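Chemist: Following this message is one structure expressed as structure tokens.
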Amino acid sequence: MRVIRLPSPTTVIALVALFFALGGSAFAVGQKIAANQQRCAAGAVRGVAVVVGEPLKGLGNLSSSFVSTPSLFARRFNCTGKGVQVRRVSTGTFDVRFVGNSANVAVGNSALDGAVSVTRNQDGSFRVTVYSTTADQNIAKHIDNPFQLVAV
């Protein structure tokens, strides 16, 4: 004769919790409770630039005027739908502009060895400075390394 075992109280509670969790999510999706975030809304990512420079040339040959050549970027995004531009100011120092974008804050990091500092220029572009992390700790050496910048 076969014996049917009842589920333990722990299993019953877990199943009830799962039911309510799935039911609540399905209700939220069905009712469209969460509205989509505006592309350039406060708190949204407003711009992304992964600057790598020309293939086989790097960043050292980058123009001192703003350019938006696609091959300079591994990835780029501007919430306004307009261009992302970059220029080389000096060794390890670059300006990135998200055209028509009013983002006030950006964070960056080096795609290779290095550290990055980011400040906002008066014209709305961002000044990105890339430093070597392998240099003497008392000397900040600027280097032309690829970098990533995210504007919010």
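Only the coordinates and a few stated rules stand behind these numbers; no lab work does. Since we're looking at a predicted model, the values are computed, not measured. Cβ: placed from backbone, ideal geometry, glycine included. Neighbour counts: every protein chain shown.
Chemist: Assuming R0 = 22 Å, can you tell me the calculated FRET efficiency for the pair residue 152 and residue 61, based on Cβ-Cβ distance, to the nearest 0.05?
Modeler: 0.15
Chemist: Still on this model: How long are the three semi-axes of the equivalent ellipsoid of the stretch 47-151, in whole Å, if each is the root of 5 times an eigenvalue of the C-alpha gyration tensor, listed from largest down?
Modeler: For the stretch 47-151, the ellipsoid semi-axes come out as 22, 15, 11 Å.
Chemist: Calculate, for residue 11 and residue 41, the FRET efficiency according to 1/(1 + (r/R0)^6) with r their C-beta to C-beta distance and R0 35 Å; round to the nearest 0.05. Mind showing how you got there, number by number?
Modeler: Values: r = 43 Å, r/R0 = 1.24.
With R0 = 35 Å, the Cβ-Cβ based efficiency is 0.20.
Chemist: Can you compute 3J(HN,Hα) from phi for each residue in the stretch 80-94, using the Karplus curve 6.51 cos²θ - 1.76 cosθ + 1.60 with θ = phi - 60°, rounded to whole Hz and x for Gly and Pro?
Modeler: Residue by residue, the stretch 80-94 yields 7, x, 8, x, 10, 10, 9, 8, 9, 8, 6, 3, x, 10, 9 Hz.
Chemist: In whole Hz, what ³J(HN,Hα) sequence does the stretch 67-75 give by Karplus (6.51, -1.76, 1.60; θ = phi - 60°), x for Gly and Pro?
Modeler: Each residue's phi maps through the Karplus curve to give 9, 10, 4, x, 5, 6, 10, 7, 7 Hz.
Chemist: What ³J(HN,Hα) values, in whole Hz, does the Karplus curve 6.51 cos²θ - 1.76 cosθ + 1.60 give for the stretch 54-61 when θ = phi - 60°, with x put for Gly and Pro?
Modeler: Each residue of the stretch 54-61 in turn: 5, x, 6, 10, x, 9, x, 9 Hz.
Chemist: Another question about this same structure. Given contacts defined as C-alpha pairs under 8 Å and at least six residues apart, what's the relative contact order of the stretch 35-80, whole-number percent? Could the numbers behind the result be given before it?
Modeler: Values: 52 pairs, mean separation 22.1, N = 46.
The normalised contact order for the stretch 35-80 reaches 48 percent.
Chemist: Quick one: putting +1 on the C-beta of Lys and Arg, -1 on the C-beta of Asp and Glu, what dipole do you get for the stretch 35-114 around its Cα centre, in Debye to the nearest 20?
Modeler: My answer is approximately 240 debye.
Chemist: If you don't mind, there's one more thing I want to ask. Starting from the amide H of residue 83, placed 1.01 Å from N in the peptide plane, find each other amide H under 5 Å away whose residue is 5 or more places distant or on another chain.
Modeler: Counting only residues 5 or more places away or on other chains, the set is 99.
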